[in-house]
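Peer 1: Let me give you the structure first, and then I'll get to my questions.
Read-outs: derived from the displayed coordinates by stated rules, not from any lab. These numbers were taken from a predicted model, which means no experiment stands behind them. Glycine gets a Cβ as well: all are built from the backbone with ideal geometry, and neighbour counts include every protein chain shown.
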Amino acid sequence: MAYWQDLQIRIFIWKYISFQEKNAPTGAAGRCTKGCKSKKDCIFDAEKIYLTNEDTGVLAGNTGWSTEVLSAYPDEASIRKAIEEGPYGKCVYDCGNNVVDHQIINMEMMDGATISLAMSGFTPDVSHYTKFMGTRGQIIADMRANMITLSRFGKKEEIIDVSKLAEDFSGHGGGERRMVEAFLDLITGEGEADNTIPSVMQSVESHIIALAAEDSRKNGGKVIYLDETRQEREGCMREMYAKVPED
């Protein structure tokens, strides 16, 4: 929405961090394989997730996501080794985590339009669900179902089955691969710049919004105006570039 309207916004945030040592169950160990007394009932046990689970475990034949994160060639031996020695075998409550597991970011445009972004790690839906609500209708984009629903007030609802438009939906609904392809086409001269490829400044703007949200979180949900974050970060960027040696 900020991309479309190019307007100043303010941000405030709510959050919660569950995976901290103080929330660990009684008898928890530093690693899932080191005698954890809560292992039987722990839904975050690494051996359950990466070895025995019917949907995600390598023993059930899963060698894709997420076992491929632990090993380039997932099998029982490599996954066990990764769990016993690597970070994915550490107790989820003992990783020094400072990343929120749930947050709601509320943004308000200067023209009164509002945006609410909810992120949660406590859902089986590893996907994005976007709803745009306007004065003449709404658009719902459901990445998990690969469906876009367009509802114009007073008109027949239109449903677009995105699965009929492409075959590969890996990597955030296929977006990662197509973004790289479009970028390579652009720099090799095989494609032309259009609104599917954001400019450098537009890309930086999305990061500035994320930085503003983090500033709000660290300050107890304080309202952050985007111009403030822009000015602060511009100073940091100039200082950083000044330290880069010339050829």
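Peer 1: If each of Ile160 and Ser78 carries a label point 7 Å out from its Cα toward its Cβ, how far apart are those two points in nm?
Peer 2: Each label point lies 7 Å from its Cα, and together they span 3.9 nm.
Peer 1: If you don't mind, another one. Hey, which lysines would be in cross-link range of Lys164, C-alpha to C-alpha under 26 Å, not counting anything within fewer than 8 residues on its own chain?
Peer 2: Within the straight-line cut-off, Lys164 pairs with Lys131, Lys155, Lys156.
Peer 1: Now a separate question. Looking at the calculated P(r) for segment 24-66, what percent of the C-alpha pair distances fall above 13 Å?
Peer 2: Summing the P(r) of segment 24-66 above 13 Å gives 51 percent of all pairs.
Peer 1: Where both partners of a DSSP beta bridge lie in the chain, what percent of those bridges are antiparallel, to the nearest 5?
Peer 2: On the way: 34 of 34 bridges.
Percent antiparallel among DSSP bridges in the chain is about 100.
Peer 1: Work out how much length Glu234 to Ala29 would gain on full extension: take 0.36 nm times their residue separation and subtract the Cα-Cα distance, in nm to one decimal.
Peer 2: 69.4 nm
Peer 1: From the square roots a ≥ b ≥ c of the eigenvalues of the alpha-carbon gyration tensor of segment 126-242, which class results: rounded (a/c under 1.5), prolate (a/b over b/c), or oblate? Intermediate values should be presented prior to the final figure.
Peer 2: Details: a/c = 2.29, a/b = 1.35, b/c = 1.70.
Verdict is oblate for segment 126-242.
Peer 1: Could I ask something else about it? Considering the dipole of segment 21-89 built from charges on the beta carbon (Lys and Arg +1, Asp and Glu -1) around the Cα centre, which of Ser66, Leu51, Gly86 is farthest to its positive end?
Peer 2: Gly86
Peer 1: Could you work out the local net charge near Arg31, counting Lys and Arg as +1, Asp and Glu as -1, over the other residues with Cβ closer than 11 Å to its Cβ?
Peer 2: -2
Peer 1: Here is a further query. Just add up the charged neighbours of Ile148: K/R +1, D/E -1, any other residue whose Cβ is under 12 Å from the Cβ of Ile148. Walk me through the numbers on the way to the answer.
Peer 2: On the way: positive: Lys131, Lys164; negative: Asp142, Glu157, Glu158, Asp161.
Within the 12 Å Cβ shell, the charges total -2.
Peer 1: If you don't mind, another one. Kirkwood hydrodynamic radius for the chain: how many Å is it when counted over pairs of different Cα atoms?
Peer 2: Result for the chain, one decimal place: 22.1 Å.
Peer 1: How many nm separate the modelled label positions at Lys131 and Leu59, each set 7 Å beyond the Cα in the direction of the Cβ?
Peer 2: It is 4.1 nm.
Peer 1: Taking 41 Å as R0, compute the FRET efficiency from the Cβ-Cβ separation of Gln20 and Glu167 and round it to 0.05.
Peer 2: Working: r = 42 Å, r/R0 = 1.02.
Once rounded, the FRET efficiency stands at 0.45.
Peer 1: Grab the other residues whose beta carbon is less than 12 angstrom from that of Glu21, score K and R as +1, D and E as -1, and report the net.
Peer 2: Computed value for this residue: +1.
Peer 1: Comparing Ser206, Ser127, Ser170, which has the greatest mean-square fluctuation in the GNM of the chain with Cα pairs linked when under 10 Å apart?
Peer 2: Highest fluctuation among the options: Ser170.
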